[in-house]
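The numbers here are math on the coordinates, done by the rules we state, and not lab data. In this text the structure is predicted, and so the values were computed from the model without any measurement. As a convention, Cβ positions derive from the backbone with ideal geometry for all residues, glycine included, and neighbour counts pool all protein chains shown.
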Amino acid sequence: MDRLPKHLYFSEGAENDVETLFILESPYKEELYWDFPCMGGTGKKMAEVLIQNSSIAMGDLIQHNNPQTRKYALFETFKFPLDKSLTHGLDADELLWKEIKKKKDKKQIKTFFEQNRQFFSYSYKYNLECAIKIFSKNLKEIVVCGDIAQGIFEIVFEDKFKRHQTPKSVNVIFVEHPAKAEYSHRQWSYQTNMRASFFLPR
């Protein structure tokens, strides 16, 4: 596969079990091979912290309906890979977004996104809103991983952020992307650097 078939992934029948929705960046080789997010090193870093088991990737556990991971869902910001080495089958609009990986900080990422927003797929916003509604019964937090996912999330949903809780809001948490820990061969630092509320009528 050149891209994932969809943005959102969770265990079969777990709509009312999901408590945490992870928003990630883009698939890599393992994810493209298996048609599922978090199937490689990134997924193992997540599993190491979330269920104290790094032998099986988070995506693999969710895909096979492991009881320990039914409360987690995965959402890819981009369905196609952003890695510069993976270009097969991508069109010009998709290849354009590989440049966002070269940006050094969130400010540069957000500037690049604003300049090229017309080429960004509407499916991201639509599917993320649908996901939050699907999980509305028990969803407690949206965890946005890494600067690219965070910058895009902030811009696309800038009208949904609240600095206080409401009966129809969910916590938003910004964390380091697990791939960063994978690249540097260390444990994923699952520490938050931002908390806010996300308001969406359910």
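Side notes on the structure shown:
- Listed candidates (1) 1.05; (2) 1.01; (3) 0.93 - label of the one calculated as Rg/Rh (Cα atoms, Kirkwood Rh): (3)
- Net charge of Cβ neighbours under 13 Å - reference residue 64; Lys, Arg +1; Asp, Glu -1: -1
- Long-range tail of P(r) for region 87-165 (Cα pairs > 22 Å, %): 32
- Loop-located trypsin sites (Lys or Arg not before Pro) in region 1-83 whose Cβ has at most 15 other Cβ within 10 Å (DSSP): 6
- Whole-number percent relative contact order across the chain, with pairs defined as alpha carbons under 8 Å at least 6 apart: 25
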